[in-house]
Amino acid sequence: MSIDVEVIPGNKAPIYFYKLKNLMCELLIEGEIQEFGGVIFQEIGKDKPVSEEDCLVLGKDYELVSVEVNTLVLSFMPNDPDDDELEIDMLEDYGRNLEENEIKSMSEKWAKIGFTYKITSKAGRHRVEPRIFWAIVGALTALSSGDVIVMESDIFSLPVGVYKYSEFIGCEVVF
């Protein structure tokens, strides 16, 4: 079963891989990164890791390369320019914990920013992969001053909804 979470950025600041990696390591319990085999991002379709000095590039997908088999993908996606209702539709569908005025203001801001981060875990997970997934989501949310869209109720100890970093970071991984 594939699991997806999206992060709505709160700003357009570039996210550098070294900052993403460092914050992920801070969020994880000591030893989880080592057990997983490290944190190295590689653009899908390329044969070498990205430089830690590089930043995420809009329209690119990145896989996490480690000594352990994993299925993690980080996508930096532009919002669909042909769908001017995308943002409000997503928030109306998944923002069950938001008030109507929050949905409206959040969707307008998201549309102006124009992009989304998507984190995917496909099937066949290493036992630490769910925690690495959580750390990627948390780090992206913090670095982008964003919000997490939890689209399924059996991923974290949070119901379907849209959450600030401070709400998300305290949840437990349940998949």
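None of the figures in this text is laboratory data; all of them are computed from the coordinates on show. Being a predicted model, the structure only gives us computed values, none of them experimental. Methodologically, a virtual Cβ is constructed for each residue, glycine included, from the backbone with ideal geometry; neighbour enumeration extends over all protein chains shown.
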Open item on the list: Using 22 Å as the Cα-Cα cut-off, could you pick out the over-long pairs in LYS21/LYS109; LYS46/LYS112; LYS19/LYS164; LYS12/LYS109; LYS12/LYS46?
Closed with: LYS21/LYS109; LYS46/LYS112; LYS12/LYS46
Open item on the list: Tell me the net charge near GLN34. Cut-off is 15 Å between Cβ atoms, GLN34 excluded, with +1 for each Lys or Arg and -1 for each Asp or Glu.
Closed with: -3
- [ ] Kindly provide log₁₀ I(q)/I(0) values, in the same order as q = 0.11, 0.12 Å⁻¹, from the Debye equation applied to equal alpha-carbon scatterers of the chain.
- [x] -0.43, -0.52
Task: Neighbourhood net charge (12 Å Cβ-Cβ; Lys/Arg +1, Asp/Glu -1) for THR141 - done: -2
Task: Rel. contact order, % - alpha carbon contacts under 8 angstrom, at least six apart, segment 21-175 - done: 22 percent
